[in-house]
Amino acid sequence: MAVYAGAYALASGALALGDFGGRTIADPLDYFYFSIVSYTSLGLGDVFPSGHFRFITGVEALNGLLLIAWSGSFIYIVMGHLWPWQPCTEPGGLAADRKPGGNAP
């Protein structure tokens with residue numbers, strides 16, 4: 001998100017690729033705020049891109065979607081290795097002991 005915020009600041013100032021509408025961008029934290037909103041695909045709308053920033057914002061939203069999903073699956077896999085699944089019953093346990101006509105506990 002910080003890389004995209006830096007890209008927005010560079011593209012806005014030195015490269016003049018676009019601008020933002022809505023609320024004015026006053027300091028670097030505003031670029032970071034817009035980057036967080038775009039990365040998470042939240043899209044509040046109080047700050048919105050114009051010009052070529054629309055393309056950069058779309059790429060950031062797609063990148064955020066993929067990386068957030070990847071992070072979730074990575075954490076799931078790691079937790080599966082750290083906390084192995086313990087079955088509630090053993091194979092051939094209580095249900096296998098109950099035979100028709102036998103003594104069931």
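Read the figures in this text as sums done on the coordinates, not as results from a lab. Just so you know, these numbers come straight off a predicted model, no measurement behind them. In this analysis, Cβ positions are derived from the backbone assuming ideal geometry, glycine residues included, and neighbour counts consider all displayed protein chains.
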**Request:** Six or more apart or on different chains, Cβ under 6 Å: which pairs go from a residue in the stretch 39-60 that's touching a residue at least 12 places away in the same chain (Cβ under 8 Å) and at negative phi to one that's among the polar types (S, T, N, Q) and surrounded by 17 or more Cβ atoms within 10 Å (Cβ to Cβ)? Could you list them?
**Result:** Pro49/Thr57; Thr57/Ser38; Glu60/Ser38
**Request:** Among residues belonging to the stretch 31-62 that are within 24 Å of Ala14 (Cβ to Cβ) and among the hydroxyl-bearing types (Ser, Thr, Tyr), point out the one that is farthest from the chain's Cα centre (by Cα).
**Result:** Ser50
